[in-house]
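Contents: one structure, followed by commentary.
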Amino acid sequence: MLVLEGVESGYGESLVLRGVSLSVPPGRVVCLMGRNGVGKSTLVKTVMGELRCRRGRVLWNERDLTGLRPHQRAALGIGYVPQGRGIFPFLTVEENVMVGLEGRGIPRRDWPGLVEAALGLFPYLLSIRDRKAGALSGGQQQQLAIARALAGLPELLLLDEPTEGIQPSIIDEIGELVQALKRRGMAVLLVEQRVDFAQEVADEFVMLDQGAVSFSGSAHELTEDLILEYLSA
């Protein structure tokens, strides 16, 4: 289980997160929501270790992650799909997935099977495995980023805006995969602006406002009033 206890984090002298506490149990999808700039991506980066937790704790399976670098957190079973995908455009589809296995401590003899399984999550990727990732559409790059994060068989998946700028058919595929991962017992922390997608895949939501948790509840409690208060421009 992922647990955040009073987490504070930010950039330089700027404090963005202010005492955030939440948990993501196995087999559950928790969706982080809120207007742009309230700290959603900052929170995910703090969980992954890209930003320092200045106060509070990030616990994963009861282990305090303070002081661990991102690759060390990945080796503990945390997969991460950043906003903007973060693929390597001059590497092939297959090579991008292999990069996701670096630093996980997985023997190279096991890589071919893991790469095959990861690409098989989105079968079209198997047919273009030798294509340079930079030649893919935005939706295909997002699928690749997700496949790369899942190649090492993580127990927790951090998804930052996976539907941003993606065509509807691929959004549907991503939604089906998230629901399948949940059924397998994976914990998923999702940053999402699309209310319909969040309501479809999430079990719970956490609304951030000015770097703090302003409201949280089950997905069916995401009412029109809350949407207007915390998500409308």
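The values are calculated or read from the model by the stated rules, or taken from the named source; none is laboratory data. The structure presented is a predicted model; accordingly, all values stated were derived computationally and were not measured. Ideal geometry is used to build each Cβ from the backbone, glycine not excepted, and the neighbour counts take in all protein chains shown. Surface accessibility is based on the protein's heavy atoms, side chains included, excluding ligands, DNA and RNA. Shrake-Rupley method; radii C 1.70, N 1.55, O 1.52, S 1.80 Å.
Here's the list of lysines a cross-link from LYS182 could span, going by alpha-carbon distance under 24 Å and ignoring same-chain residues fewer than 8 apart: LYS40, LYS45.
Of PRO25, PRO162, PRO107, the residue with the greatest mean-square motion in the GNM of the chain, using alpha carbon springs below 10 Å, is PRO107. For LEU153, the accessible surface of its heavy atoms amounts to roughly 120 Å² (probe 1.4 Å, protein chains only, rounded to the nearest 10). Considering the options ALA74, LEU114, VAL47, tell which one lies farthest towards the positive end of the dipole of region 45-130, charges being +1 on Lys and Arg and -1 on Asp and Glu at the Cβ, about the Cα centre. Projecting each Cα onto the dipole axis, the largest value belongs to VAL47. Near GLY79, the amide H atoms lying under 5 Å from its own belong to GLU155, LEU156, LEU157, LEU158; only residues 5 or more places off or on other chains count, and H is placed 1.01 Å from N.
Taking a 1.4 Å probe, which of ASP130, ASP209, ASP160 shows the most accessible area, and what order do the others take after it?
Working: ASP130 115, ASP209 55, ASP160 0 Å².
Highest to lowest solvent-accessible surface, that is ASP130, ASP209, ASP160.
Report summary: the helix-based calculation at 222 nm, which adds -39500 (n - 2.57) for every DSSP H run with n ≥ 4 and divides by the residues of the chain, gives -9500 deg cm²/dmol.
In percent, how large is the relative contact order of region 121-233, given Cα pairs closer than 8 Å and 6 or more residues apart?
Working: 89 pairs, mean separation 22.0, N = 113.
Over region 121-233, the number comes to 19 percent.
Dipole check for the chain: with +1 at the C-beta of Lys and Arg, -1 at the C-beta of Asp and Glu, and the Cα centre as origin, the magnitude is about 940 Debye. The candidates ARG63, ARG54, ARG85, arranged from most to least accessible area with a 1.4 Å probe in the full protein assembly, appear as ARG63, ARG54, ARG85. Our summary of shape: the Cα atoms of region 167-233 have principal axis extents of 32, 27, 21 Å, ordered from largest down, in whole angstrom. Between region 186-233 and region 3-74, the C-alpha centres lie 17 angstrom from each other.
Please compute the contact order of the chain in relative form: average sequence separation of alpha-carbon pairs under 8 Å and at least six residues apart, divided by the residue count, as a percent. If you can, show how the numbers build up before the last one.
Working: 446 pairs, mean separation 68.0, N = 233.
Once divided by the residue count of the chain, the mean separation gives 29 percent.
Equivalent-ellipsoid semi-axes (√(5λ), Cα gyration tensor) for region 1-99, whole Å, largest first?
Numbers: eigenvalues 111, 57, 39 Å².
Three semi-axes, in Å: 24, 17, 14.
Annotation: amide H of LEU91 within the under-5 Å range of ALA133, GLY134, sequence separation 5 or more or interchain, hydrogens built in the peptide plane. Convex hull volume of the C-alpha atoms in region 106-206, normalised per residue: 105 Å³.
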